[in-house]
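The values are calculated or read from the model by the stated rules, or taken from the named source; none is laboratory data. No experiment lies behind these values; they were computed from the predicted model shown. All Cβ positions, glycine included, derive from the backbone under ideal geometry; neighbour counts span all protein chains shown.
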Amino acid sequence: MKNFDIAIIGGGPAGYNAAANASANGLQVVLFEHTALGGVCLNEGCIPTKTLLHSANLLDEMRESAAYGIHVEGAISANYAEIVARKDKIVKTLTGGVSYKLKGAGVTVISKTARLTGEEGDRILVATDDETYAVSYVLLATGSETAIPPIPGLSEVGYWTSREALNATTLPKDITIIGGGVIGMEFAGIYTSLGIPVRVIEMAPEILGAMDSETSGMLRKEYARRGIQFYLETKVTAVSAEGVSIETKDGKTEVLPTSQILLSVGRRPVTDGLGLETLSIQMNRAAVVVNEYMQTSHPRVYAAGDITGFSMLAHTAIREGEVAINHIVGGSDDRMRYDSVPAVVYMHPEIAGVGATEEKLRAEGRYYRVLKLPMAYAGRYVVENEQAPGLCKVLVDENDTILGCHILGNPASELILLAGIAVAPASRTSDAISSPTPQQERSSTRSSSPKSYLPTP
């Protein structure tokens, strides 16, 4: 039996950053990862999709260059095999960097599946197929996997998840994406830019359900203009060799012929076979329940990242792992909070948000006001975005405290960080905005029929 201070199960953003942090604080760390270091984000999520998106966006910019006085002679083409090869090279480079980081930190990395097997005195037992480890603490960071819905016929067709889509070296003739969330829309953007006909089927009234519906709707209209067919409030009833069978909210049915299906309806925490029952770890369906210090129902077992089922973002996972280790090493009062975690969809244009949405505030019956400013008010935006749609939207309460911010338009991914800083300390608009907006929409959810108006300029 081998002894360590802490065992970390999972080598994604939560796990490998927490491992380095724990080691820096004097703990002897063993990390278990049975596939590849870097987790979903680095191997089949954030990094590879952003690499493909960057190539797709460059292609778009070249096609649009005449508007900026740059004329490209001859046909513009994309070699998808080369694009994928570059993606693979980048992933390899970054996974190598993670391995180097852990080695430099003195973390013992075990390339095997690990599970909890119980307790022995004051030590928690973690086992692989051929070895048992006794540790004082455990951090669960096993991440998530693609959720596969029970659609009739799905097992008989060759559908893709994000993993298969990223591994493909050739483009499909056309593609139908089931699910209009972040992953589905980023792939929709990639394929559209590369000239592939795209359909997106979404059960909700709008794409990107967790984000602001107004900016999401503007993004959807922009991509509809580029040729994507959207089927909102539409249910997939079956799939077959003939295509995807759908039913609209009005009860109309149709079969959509397609050469490739991409399934993107969400992700679920990976907890099967982890041995959580041996320590009576409390669960909420498939997710592990944690407190604000990332502690589970067992005081010496922590969880971070997608396994908690809450905010499935790489930067959230890193912060959760940080909070967990800080609590372990010092009993720190450093607590996890989610009200200022930014989210970005790296499309063209970018869309980003932080804090509360209008939909959330309405559901909670909270008072809010909406402050809007077209992105064209920013000189940089006008210079870099020829006639592209753009909006900055800030939500405030009765005291002008900033509750949320939502942006459509490049560089939303950069600006949202500033908005997150404004949201985090419960800032007032007077601190964040130096001049009044030309358009101000007021909305109160105190009554059952919210009222809104545009004041006279």
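Brief remarks on what is shown
- Selection status of Thr108, in contact (Cβ under 8 Å) with a residue 12 or more places away in the chain, under 28 Å from Glu322 (Cβ atoms), among the β-branched types (Val, Ile, Thr) and out of contact with any Ser or Thr (no Cβ under 8 Å at 6 or more places or on another chain): yes
- Unique residue being of a type outside the set (D, E, K, R) and without any contact (Cβ under 8 Å) to a residue 12 or more places away in the chain when the list is Gly209, Gly217: Gly217
Rundown of residues vs (1) hydroxyl-bearing (Ser, Thr, Tyr); (2) closer than 16 Å to Val40 by Cα; (3) modelled with pLDDT of 95 or more, yes/no style:
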position: Ile124; (1), (2), (3): no, no, yes
position: Gly158; (1), (2), (3): no, no, no
position: Glu164; (1), (2), (3): no, yes, yes
position: Thr170; (1), (2), (3): yes, no, yes
position: Ser193; (1), (2), (3): yes, no, yes
position: Val198; (1), (2), (3): no, no, yes
position: Ala204; (1), (2), (3): no, no, yes
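- Some residue of the stretch 378-394 being more than 21 Å from Met218 (Cα to Cα), in a loop (DSSP other than H, G, I, E, B) and out of contact with any strand residue (DSSP E or B) (no Cβ under 6 Å at 6 or more places or on another chain): no
- Candidate set from the stretch 47-93 (those that are among the polar types (S, T, N, Q) and surrounded by 14 or more Cβ atoms within 10 Å (Cβ to Cβ)); member that is farthest from the chain's Cα centre (by Cα): Ser65
Per-residue answers, yes or no, for (1) surrounded by 21 or more Cβ atoms within 10 Å (Cβ to Cβ); (2) assigned to a strand (DSSP E or B):
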site	(1), (2)
Tyr302	yes, yes
Ile307	yes, no
Ser311	no, no
His315	no, no
Ile325	yes, no
Met336	yes, no
Asp339	no, no
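- Test: residue in the stretch 165-173 that is in a loop (DSSP other than H, G, I, E, B), buried (at least 21 other Cβ atoms within 10 Å of the Cβ) and of a type outside the set (S, T, N, Q): no
- In the stretch 365-377 there is at least one residue matching the filter, namely being of a type outside the set (S, T, N, Q), surrounded by 20 or more Cβ atoms within 10 Å (Cβ to Cβ), in a helix (DSSP H, G or I) and in the same structural domain as Gly404 (by TED's automatic domain parsing).
- Of the residues making up the stretch 136-149, those that are surrounded by fewer than 22 Cβ atoms within 10 Å (Cβ to Cβ) and under 16 Å from Asp5 (Cβ atoms) number 1.
- Enumeration of residues in the stretch 385-410 that are within 30 Å of Tyr68 (Cβ to Cβ), touching a Phe, Trp or Tyr at 6+ places or on another chain (Cβ under 9 Å) and at pLDDT 90 or above: Gly390, Cys392, Gly409, Asn410
- Checking Thr142 against (1) assigned to a loop (DSSP other than H, G, I, E, B); (2) outside the structural domain of Tyr302 (by TED's automatic domain parsing); (3) of a type in the set (Ser, Thr, Tyr), the condition it does not meet: (2)
- For the stretch 224-248, the set of residues classified as assigned to a loop (DSSP other than H, G, I, E, B) and farther than 18 Å from Val157 by Cβ consists of Arg226, Gly227, Ile228, Glu233, listed by residue number.
- The number of residues in the stretch 110-139 being part of a strand (DSSP E or B) and on the phi > 0 side of the Ramachandran plot comes to 1.
- Scanning the stretch 374-392 for residues that are of a type in the set (Asp, Glu) and touching a helix residue (DSSP H, G or I) at 6+ places or on another chain (Cβ under 8 Å) gives a single hit, Glu386.
- Candidate set from the stretch 107-125 (those that are over 30 Å from the mean Cα position of the chain (by Cα) and not hydroxyl-bearing (Ser, Thr, Tyr)); member that is surrounded by the most Cβ atoms within 10 Å (Cβ to Cβ): Ile124
- Any hit, the stretch 285-297, residues being hydrophobic (A, V, I, L, M, F, W, C), farther than 19 Å from Ala14 by Cα and in contact (Cβ under 8 Å) with a residue 40 or more places away in the chain: no
- Among (1) over 25 Å from Pro411 (Cβ atoms); (2) of a type outside the set (A, V, I, L, M, F, W, C); (3) in the same structural domain as Pro389 (by TED's automatic domain parsing), the one test that Pro349 misses: (1)
- Residue in the stretch 424-442 that is outside any helix (DSSP H, G or I) and either under 21 Å from the mean Cα position of the chain (by Cα) or at pLDDT 90 or above (or both) present: yes
- Residue check for Cys41: over 22 Å from Thr192 (Cα atoms), outside the structural domain of Gly195 (by TED's automatic domain parsing) and in contact (Cβ under 8 Å) with a residue 60 or more places away in the chain: yes
- Single match in Glu206, Glu214 (criterion: assigned to a loop (DSSP other than H, G, I, E, B) and touching a Lys or Arg at 6+ places or on another chain (Cβ under 9 Å)): Glu206
- Lone qualifier among Ile6, Ile47, Ile76 - being assigned to a loop (DSSP other than H, G, I, E, B) and not assigned by TED's automatic domain parsing to the domain that holds Glu384: Ile76
- Pick from the stretch 199-236, criterion under 21 Å from Lys252 (Cα atoms) and of a type in the set (Val, Ile, Thr), ranking: nearest to the chain's Cα centre (by Cα): Ile207
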